[in-house]
Amino acid sequence: MEAVALSEDLSDSTQGSDSDSGQQIYFIPYSWWRDAQDSVLGDSDGKRGILYVTSQASSYAGPMKIINNIFNSDLVFNLKREEDTVHSGENGEVGVSGRDYALVPAEMWVQALRWHSDSKAAVKDGKCFSAAEDDMTDVYPLQLRLSAPRETNSLGVRITKKDNAVEFFKRACKIFSVESEMLRIWDFSGQTKLCFTNEKSKLPSYQRQSDEIPLELQVYGLSDSFKCREGKKDERAAQHSTIANSCCGASVMMNGSGGITNSNFIRSLWGSSYEAGSLGLTGLQNLGNTCFMNSSIQCLAHTPKLVDYFLGDYGREINPDNPLGMDGEIALAFGDLLRKLWAPGATPVAPWTFKSKLSRFAPQFNGFNQHDSQELLAFLLDGLHEDLNRVKCKPYVEVKDGDGRSDKEVADEYWRNHLARNDSIIVDVCQGQYKSTLVCPVCKKVSVTFDPFMYLSLPLPSTMMRTMTLTVVNTDGNSQPSQYTITVPKHGKFEDLIQGLSVACSLGVNETFLVAEIYNNCILRYLEEPSDSLSLIRDQDQLVAYRFIKDVEQVPLVVFMHQLMEEQYMHGKMTSSFGIPLVSRLCNSASGSDIYDLYLKLLKPFQTPRNDSQECLDSSESATLEEVSGTQDTTPPVLGGGVNPCYGNGADSPLDFGFQFYITDEKGTSKDKKIVMNEIVEKEESKQLNVVVCWPKKYIAEYDTRLLSSLAEVFKSSLFAKKPQESVSLYKCLEAFLKEEPLGPEDMWYCPGCQKHCQASKKLDLWRLPEILVIHLKRFSYSRCFKNKLETYVDFPDDNLDLSTYIAHRSDQLCNRYMLYAVSNHYGSMGGGHYTAFVHHGADRWYDFDDSHVNPISQDKIKSSAAYVLFYRRVIEV
């Protein structure tokens, strides 16, 4: 038995027709059709068919002519339309020979397959059979062209070697040979009459202007291996059973925009006990780093309702005039590709046409570089939506405030407004709605909106936290600087940093921190605003937390910066400035000697062990420090009196001996005024005093300048550090996504109350869930210097994702439980990764789609740290 799927090649059409010209028809043995005809058609008028018989082509000498020359090979014949309509089964044995065929609409053919499958299965005690795998390889494509000469009742048929592979062309010659016996065809679809002059107005405009109408056939069951089994009843029963059980509308759909309207078979594919056969298990060739595209396409190509839709008559809904769309070309290219993937016995498909359209409308995917499968998926869903948007003229919709109305009323209004401008199969299946609440940190203004979403991008909890290293410097001169590494929320506030650091270093209740960013050995800025976002702090920044007593917070600051008296090599580089600025508090009436004593006090933790010849200097400095600290006589030291023998060379003071102090600017680049020992230092009220201290070369060895210069970056990433495997549940990722957090500085919100932009806090809530829920796991992070991939293992449910507790508005009409049906995986690193897809194919069967290779995979291997995009479908509760 042979069945030929006949379909109009509408791949270049950009819009559907109101007629049925785009509907597929199938070329099948009439005797096989007649058996199922009564069950399919009943007593309807559709039992009438138009009879065609082969006749001599008017321009050729015989009933059939094969033109052979060096340039061309054509098979040409005519189908003559009989004037009298012939009823099926009218003439006894008419239509029972091997040369009689029928043309039937696609849905009728599928119903006939089901009828034969049921009847044959009943013969075998009700057991269904699966045909051998090579049965499905008996399908092959055949291109032909039709023409209708003026003022005639005949159709011209031309099959060229140019349009077809050599082997397929040879098979066509055998099928349509009329030398030995006349060929008769009954048309029950009514499609062939559209080719005649008086009916051409019903054809698409691009076909009306053409002398030939291109057709594509999918020929099944005509290989030698099939013919040798043709007479075996049991094997024919198995064949029919496999076709009926696995075709599901998708199996019999070929290229074109027409399609099956009865798609119950597709829906049944997702049942728990349905035998799917090999349909849909077609790979995609890698065109050169296109695994990212193949992975996303395979996941979408196995999305139940999208398969149903694109194997149907989706061409009617293409919107070529949508300025936000792509002239319908993306939808047509995707639909054409999906049909090829679901064709029976299809071999791996090379998606060149789709790649070309993609590169044209999305230049970021041009060329053959590796890209992100989720970015491709986002573009494709949006492009399909706009190409298939049923709204031809989008109305203007004004957003209204809640004005005290209930959330449900406001959410429904937002959704109606959205549907007024956006109505497509993508909206029907993939779009949901979430509630977004913004709160101004200043005036506490609350703004609530209800926005649509196509997918959820969930952060991994490990990416929600951030480790930060700071250097803590005591301002009492009693201890050396210490480094602390703490963990804070990645999108947290500065107060989170202070709280974590306070716990880490056991900050007293009477103590506080002054945090500063250090750059080029000077203070670049102070971090004092508790509500500032931590995203303002970069990983390469260097932070110092100066530890103070709270009681002196109102006393002005003095900042000491260090410089060498002449440039020299220090720690392997030529420098004049060095070290961490030292900070303390100093009253407004301080003298030069007070500043000197305070500086020696802050330097004390950095002193290196001295020899005996330096004890005199040590005792002098110690005495000075003790007097300053109050352990000795609190009278200010007299440094200008007689000559101290410890200083030698007639030096009157430590200033004369070594250090030199100058008032400077915040960057330490100028030396405005030298500080004199007994003079009061004049400075503006409540303003910090910046002092640059010039060091003599001899002091470098007496202090640990390496410790003084030790300053860690906030986060030092290592290219070769391997992190331990982390594990987290999908529910934790969802909770992190829904958690309230402040907006980043690049996402400032304009507060209508304050009338200025601010970093508001934002809270998301799920409000309306779609039928197909796409979840993107944010594994990739980007910074100014590094790109990183998180290998966190996410434990996601594969059969019962219950979101009932996470949705703010519960509807008794819709189920909030989901089942996994596809996964887009990414293996490897940012620079050299590879994408694959896992797809559920009925019952408990899963398949691994690795470009052109498709192999079964056990369900326990579906979960891995490579899972990148998850595809869930809503569970239908009975």
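A compact table of results
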read-out	value
Residue match in the stretch 757-769 (condition: at pLDDT 90 or above, part of a loop (DSSP other than H, G, I, E, B), in contact with a strand residue (DSSP E or B) (Cβ under 6 Å, 6 or more places away or on another chain) and surrounded by 16 or more Cβ atoms within 10 Å (Cβ to Cβ))	yes
The stretch 508-526 - residue that is in a strand (DSSP E or B) and free of Cβ contacts under 8 Å to residues at least 12 places away in the same chain and, of those, nearest to Ser577 (Cα to Cα)	Leu524
Single residue of the stretch 735-748 satisfying the filter (closer than 21 Å to Glu495 by Cα and open to solvent by less than 60 Å² (accessible area, probe 1.4 Å)) that is modelled with the highest pLDDT	Ala736
Filter pass, Ser295 being assigned to a helix (DSSP H, G or I) and without any contact (Cβ under 8 Å) to a residue 24 or more places away in the chain	no
Out of Gly345, Gly312, Gly383, Gly367, sole residue that is open to solvent by less than 50 Å² (accessible area, probe 1.4 Å) and modelled with pLDDT of 90 or more	Gly383
Long-range neighbours under 6 Å by Cβ, at least six apart or interchain, first residue within 30 Å of Ser824 (Cα to Cα) within the stretch 440-458, second surrounded by fewer than 16 Cβ atoms within 10 Å (Cβ to Cβ) and among the small types (Gly, Ala, Ser)	Asp451/Ser436
Selection from the stretch 843-869 of residues that are touching a helix residue (DSSP H, G or I) at 6+ places or on another chain (Cβ under 8 Å) and either under 24 Å from Leu769 (Cα atoms) or without any contact (Cβ under 8 Å) to a residue 12 or more places away in the chain (or both)	Tyr868, Val869
Count - residues of the stretch 541-556 that are modelled with pLDDT under 90, part of a loop (DSSP other than H, G, I, E, B) and out of contact with any Lys or Arg (no Cβ under 7 Å at 6 or more places or on another chain)	2
Met565 within 30 Å of Ser436 (Cβ to Cβ), surrounded by fewer than 17 Cβ atoms within 10 Å (Cβ to Cβ) and among the hydrophobic types (A, V, I, L, M, F, W, C)	no
Every residue from the stretch 524-553 that is hydroxyl-bearing (Ser, Thr, Tyr) and open to solvent by 60 Å² or more (accessible area, probe 1.4 Å)	Tyr526
Index of the failed condition, Lys683 passing every other in (1) open to solvent by less than 80 Å² (accessible area, probe 1.4 Å); (2) touching a Phe, Trp or Tyr at 6+ places or on another chain (Cβ under 9 Å); (3) at pLDDT below 85	(2)
Subset of the stretch 390-413 (residues that are loosely packed, with under 15 Cβ neighbours inside 10 Å and either at pLDDT below 80 or farther than 30 Å from Asn319 by Cα (or both))	Val399, Lys400, Asp401, Asp403, Gly404, Arg405, Ser406, Lys408, Glu409
Selection status of Asn521, open to solvent by 10 Å² or more (accessible area, probe 1.4 Å), in contact with a His (Cβ under 9 Å, 6 or more places away or on another chain) and modelled with pLDDT of 85 or more	yes
Glu199 vs. criteria assigned to a loop (DSSP other than H, G, I, E, B), modelled with pLDDT of 55 or more and surrounded by fewer than 17 Cβ atoms within 10 Å (Cβ to Cβ)	no
Flag if Ser502 is on the phi > 0 side of the Ramachandran plot, open to solvent by 20 Å² or more (accessible area, probe 1.4 Å) and not acidic (Asp, Glu)	no
Matching residues in the stretch 414-440 - criterion: being touching a Phe, Trp or Tyr at 6+ places or on another chain (Cβ under 8 Å), farther than 26 Å from Pro323 by Cβ and either surrounded by fewer than 19 Cβ atoms within 10 Å (Cβ to Cβ) or of a type outside the set (Phe, Trp, Tyr) (or both)	Lys435, Ser436, Leu438, Cys440
Any hit, the stretch 497-510, residues being under 30 Å from Pro770 (Cβ atoms) and not aromatic (Phe, Trp, Tyr)	no
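Table: residues versus (1) surrounded by 15 or more Cβ atoms within 10 Å (Cβ to Cβ); (2) among the hydrophobic types (A, V, I, L, M, F, W, C); (3) modelled with pLDDT of 90 or more.
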{"site": "Gln813", "(1), (2), (3)": "no, no, no"}
{"site": "Leu820", "(1), (2), (3)": "yes, yes, yes"}
{"site": "Gly831", "(1), (2), (3)": "no, no, no"}
{"site": "Thr836", "(1), (2), (3)": "yes, no, yes"}
{"site": "Gly842", "(1), (2), (3)": "yes, no, no"}
{"site": "Ile862", "(1), (2), (3)": "yes, yes, yes"}
{"site": "Ala866", "(1), (2), (3)": "yes, yes, yes"}
{"site": "Leu870", "(1), (2), (3)": "yes, yes, yes"}
{"site": "Glu877", "(1), (2), (3)": "no, no, no"}
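Residue by residue, here is whether (1) at pLDDT below 75; (2) not charged (D, E, K, R) holds:
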| site | (1), (2) |
| --- | --- |
| Lys161 | no, no |
| Lys170 | no, no |
| Ser189 | no, yes |
| Cys195 | yes, yes |
| Leu203 | yes, yes |
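The values are calculated or read from the model by the stated rules, or taken from the named source; none is laboratory data. Owing to the predicted nature of the structure, the values given are computational and were not obtained by experimental measurement. Quick reminder, even Gly has a Cβ in these numbers, built from the backbone with ideal geometry, and neighbours come from all protein chains shown. Just so you know, the surface numbers come from the protein's heavy atoms only, side chains and all, with ligands and any DNA or RNA stripped out. Shrake-Rupley method; radii C 1.70, N 1.55, O 1.52, S 1.80 Å.
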